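A.B. asks: Can you read through this structure? Questions will come right after.
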């Protein structure tokens, strides 16, 4: 089925807007691809260094141009639950590559930090910029020019976007993304949230809170709620970087290993040495990016991708905007209810039919572009599958059905949970922001209330503990943008504002910072740009000013006369405390060079 006319129209305008950037990008990719594999023209000393630790047979193979060499970029470390399973992947990949007649080498490792560990801590101020650093680190690994194809091992928040930016930078090489999968289900996410609220209210102690958190985050794999990490996996599959069905298979299972072996062999099959050359930069195009945004809306995905997708697209010469994301939201129905937009976790989502069912449903109504290239070698219709194991241990795929295995978790396109997606752009006299409303009750889509102003999340939490957050209000948490302090997630606000809302107060948030990928029920205008440190209008709000956040009309305003606003001086903040400690001094050049939130908050793209 051809794409819905509304999807096609938005895609066409992205194509038109992107033309000068995309054409220049493709010229670079094709020029690099035309130069071919370089091992034969490397100096003997260069090549000897490159395969010094290889076996004699591998050295013989890599001395010529007929045996493909697979570069592995890994984000393995054994502190991150999602990335710990990657410890054993290189050996598995090397063995599978040997079976396929190729060679595989770890080209390099990239840093991978856990936002769950750094929430509310100084290290969170490095988090967003770690995305661009990861792209740079992967680039160093691939700069040795020893490889015919690449596989990327990454899962969590900034890691996958950074790896995709690297894959597009080396877009003349094929790229297959290999996930590790989610941890098995532990303490239900709603129960974890309940204990967090009790702790914030002083009704349980640290021991009870730690017990609940440990039962929720309990083993290898991604956290099971639908935050940025699992939104990443959805994106890689719906954009064609994963093999069909790969995203949400638990670590340490025979099917997980079979998928890793299959991905390795596929990465070797699509090099320039074969007949199915699939360079990543040509494979991904404007349709692929639109498919990613569609998937984000249909699943109620992470707000962080209103930053990451912009940067990921620009790395391929594609100019995606918040307006595109917002307009697509009006077209795409919400088909998934996964925490925090429901009670289910990603394992329940997968059991209900998962990505295969979701893709099949969206394709039925032309809400995805099927005519895209993928690493699997077929259009997106090949991803509308159920997945399992054959008797011989290889991956088995069958056509996904039209009936959800759990209608409370996955809906059909004819009977969605809501008619539109969950992410929208807001505009007004405060600038531009984004909001996620898939978990916000309709009666809270419009909030008009006086401002309470804070310059960090600790200030708001202190006011809560002191009993000062009474009545209806809109919290303004400013000087939290990328230039100010690296735009940390303000996850500590989620529990407090949720408690106040549950008490019957009408509350909302306006901030130039980020909220967690798991943010949910409190209306929050986030990523406000221009940010306060640039003198944006958010810096001119005063305590008690009436604010209006209207997610229905798509507006966010301070309700004062324009003349008064123009004459107000912007507030300032002492940010010296954010400049040192826990590595923050090393990232001063990133804060100075970053672009704005509506351009992806990247040091590469402005």
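A.B. asks: Restrict the check to the stretch 130-137 and report whether at least one residue is out of contact with any strand residue (DSSP E or B) (no Cβ under 7 Å at 6 or more places or on another chain), surrounded by fewer than 22 Cβ atoms within 10 Å (Cβ to Cβ) and closer than 21 Å to residue 277 by Cβ.
C.D. replies: No, the stretch 130-137 contains no residue that is out of contact with any strand residue (DSSP E or B) (no Cβ under 7 Å at 6 or more places or on another chain), surrounded by fewer than 22 Cβ atoms within 10 Å (Cβ to Cβ) and closer than 21 Å to residue 277 by Cβ.
A.B. asks: Just one of (1) surrounded by 15 or more Cβ atoms within 10 Å (Cβ to Cβ); (2) in contact with a helix residue (DSSP H, G or I) (Cβ under 7 Å, 6 or more places away or on another chain) trips up residue 22, so point out which.
C.D. replies: Evaluating residue 22 over (1) surrounded by 15 or more Cβ atoms within 10 Å (Cβ to Cβ); (2) in contact with a helix residue (DSSP H, G or I) (Cβ under 7 Å, 6 or more places away or on another chain) leaves (2) as the failure.
A.B. asks: Now for a separate question. The conditions are (1) surrounded by 24 or more Cβ atoms within 10 Å (Cβ to Cβ); (2) closer than 30 Å to residue 587 by Cα; (3) in contact (Cβ under 8 Å) with a residue 60 or more places away in the chain, and residue 477 fails exactly one of them. Which is it?
C.D. replies: Exception for residue 477: condition (3).
A.B. asks: Return the residue satisfying two criteria in turn: it lies in the stretch 470-487 and is assigned to a loop (DSSP other than H, G, I, E, B) and out of contact with any strand residue (DSSP E or B) (no Cβ under 7 Å at 6 or more places or on another chain), and of such residues it is farthest from residue 551 (Cα to Cα).
C.D. replies: Checking each candidate, the answer is 486.
A.B. asks: Here is a check on your reading of the model: is residue 47 farther than 30 Å from residue 229 by Cα and either surrounded by 16 or more Cβ atoms within 10 Å (Cβ to Cβ) or in contact with a strand residue (DSSP E or B) (Cβ under 8 Å, 6 or more places away or on another chain) (or both)?
C.D. replies: yes
A.B. asks: Can you name every residue in the stretch 488-512 that is modelled with pLDDT of 95 or more, crowded, with 23+ Cβ neighbours inside 10 Å and not in a strand (DSSP E or B)?
C.D. replies: 512, the sole residue that qualifies.
A.B. asks: Still on this structure, please answer the following. So for the stretch 71-78 (the condition being in contact (Cβ under 8 Å) with a residue 60 or more places away in the chain, closer than 15 Å to residue 159 by Cα, in a helix (DSSP H, G or I) and within 24 Å of the chain's Cα centre (by Cα)), does at least one residue qualify?
C.D. replies: No - not one qualifying residue is present in the stretch 71-78.
A.B. asks: Just give me the residues in the stretch 147-178 being in a loop (DSSP other than H, G, I, E, B) and in contact with a strand residue (DSSP E or B) (Cβ under 8 Å, 6 or more places away or on another chain), in sequence order.
C.D. replies: 147, 148, 154, 155, 156, 170, 173, 174
Conditions (1) farther than 26 Å from residue 222 by Cα; (2) in contact with a strand residue (DSSP E or B) (Cβ under 9 Å, 6 or more places away or on another chain), marked per residue:
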| residue | (1), (2) |
| --- | --- |
| 342 | no, yes |
| 348 | no, yes |
| 368 | yes, no |
| 374 | no, no |
| 380 | no, no |
| 402 | yes, no |
| 405 | no, no |
| 418 | yes, yes |
| 421 | no, yes |
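A.B. asks: Might you let me know whether the stretch 220-240 holds any residue that is on the phi < 0 side of the Ramachandran plot and more than 17 Å from the chain's Cα centre (by Cα)?
C.D. replies: For the stretch 220-240, residues on the phi < 0 side of the Ramachandran plot and more than 17 Å from the chain's Cα centre (by Cα): present.
A.B. asks: Now for a separate question. Restricting attention to the stretch 68-112, and to residues there that are in contact with a helix residue (DSSP H, G or I) (Cβ under 6 Å, 6 or more places away or on another chain) and over 19 Å from residue 177 (Cβ atoms), which single residue is surrounded by the fewest Cβ atoms within 10 Å (Cβ to Cβ)?
C.D. replies: 78
A.B. asks: Hey, residue 554 hits all of (1) farther than 14 Å from residue 434 by Cβ; (2) touching a helix residue (DSSP H, G or I) at 6+ places or on another chain (Cβ under 9 Å) but one; which does it fall short on?
C.D. replies: The one condition residue 554 does not meet is (1).
A.B. asks: Also, I was wondering about something else. State all residues of the stretch 418-461 that are assigned to a loop (DSSP other than H, G, I, E, B) and under 23 Å from the mean Cα position of the chain (by Cα); if no residue qualifies, say none.
C.D. replies: From the stretch 418-461, those assigned to a loop (DSSP other than H, G, I, E, B) are 419-422, 429-430, 437-441, 445, 455-456; that's our starting set.
Across the stretch 418-461, the qualifying residues are 420, 421, 422, 437, 438, 439, 440.
A.B. asks: How many residues, within the stretch 200-215, are without any contact (Cβ under 8 Å) to a residue 40 or more places away in the chain and more than 29 Å from the chain's Cα centre (by Cα)?
C.D. replies: 7
A.B. asks: Next up: Which fully enclosed strands (runs of 3 or more DSSP E) of the stretch 516-606 have 1 or more residues being touching a strand residue (DSSP E or B) at 6+ places or on another chain (Cβ under 6 Å), surrounded by fewer than 22 Cβ atoms within 10 Å (Cβ to Cβ) and in contact (Cβ under 8 Å) with a residue 12 or more places away in the chain? Can you show your working first?
C.D. replies: Details: elements: 524-529, 546-550, 555-558.
Hits in the stretch 516-606: 546-550, 555-558.
The values are calculated or read from the model by the stated rules, or taken from the named source; none is laboratory data. Treat the numbers as computed from the prediction; the structure is a model and nothing was measured. A quick note on method: Cβ atoms are made from the backbone with ideal geometry, for glycine too, and the neighbour counts reach across all protein chains shown.
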